[in-house]
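Beneath this line is the structure, given in structure tokens, with notes to follow.
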Amino acid sequence: MDRPETPQAESAQSERPMAILASEAAPRLKPSNYPEPFFSRMANRVKRPLGDLFGLRNFGVNLTTLKPGGQSALLHRHSKQDEFVYIIAGRPTLVTDEGEIELAPGMCAGFPAAGLAHQLVNRTDEDATYLEMGDRTPGDEGSYPADDLTAAYDAEAGGWRFSHKDGRPYR
């Protein structure tokens, strides 16, 4: 496109990189937004938010590494969000409410909204690294069949609100 960009668009773009080595993206400072007692279960997970670096608004992309014993998330499903993972290194186990399968580099898996509950766990002695992508559909909610937890995305607050299954909020 040969037309000049507006100064506002030009300024916003100049603060973002054009391209990076994904492995050099800064990791998220906070390992999880889950409340305790779930927060500590994410200690062996490192997420590098890639999509945010480029100003992506419609979907998110993370380069995630699970250390031995780590897990991607609690076993969960989204009401409106689709998710996709692509394994780069290691052999994480995909756990769903219909069974388990060991994944290997080059394998991928997708999770349509309101479909199978899922998570990745690293039961090996080596790191497992994968790309995870998900859309950012407004009004999304998360359900957790194995834990006393529900989640609703609060766009005004810019994050997830967590409650017990009986509706009491986590503090």
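The values are calculated or read from the model by the stated rules, or taken from the named source; none is laboratory data. Just so you know, these numbers come straight off a predicted model, no measurement behind them. FYI the Cβ positions are ideal-geometry reconstructions off the backbone, even for glycines, and counts take in every protein chain you see.
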Exclusive hit being closer than 21 Å to Asn44 by Cα, touching a Cys at 6+ places or on another chain (Cβ under 7 Å) and among the hydrophobic types (A, V, I, L, M, F, W, C), set Val121, Val85, Val95: Val85
Candidate set from region 55-84 (those that are among the polar types (S, T, N, Q) and surrounded by fewer than 20 Cβ atoms within 10 Å (Cβ to Cβ)); member that is farthest from Tyr34 (Cα to Cα): Asn58
Residues satisfying the stated conditions in region 1-31, i.e. in contact with a helix residue (DSSP H, G or I) (Cβ under 8 Å, 6 or more places away or on another chain) and modelled with pLDDT of 90 or more: Arg16, Pro17, Ile20, Ala25
Region 139-151, subset modelled with pLDDT of 95 or more and of a type outside the set (Asp, Glu), residue nearest to the chain's Cα centre (by Cα): Gly142
Strands (runs of 3 or more DSSP E) contained in region 86-171 and holding at least 1 residues surrounded by 14 or more Cβ atoms within 10 Å (Cβ to Cβ): 93-96, 108-111, 118-121, 128-135, 141-143, 150-154, 159-163
Residue within region 46-55 that is at pLDDT 95 or above and either within 20 Å of Ala104 (Cα to Cα) or β-branched (Val, Ile, Thr) (or both) present: yes
Any hit, region 87-108, residues being in contact (Cβ under 8 Å) with a residue 40 or more places away in the chain, of a type outside the set (Gly, Ala, Ser) and over 21 Å from Tyr34 (Cα atoms): yes
Scan of region 10-40 for residues that are in a helix (DSSP H, G or I) and more than 26 Å from Gly139 (Cα to Cα), ordered by number: Glu10, Ser11, Ala12, Gln13, Ser14, Ala22, Ser23, Glu24, Ser40
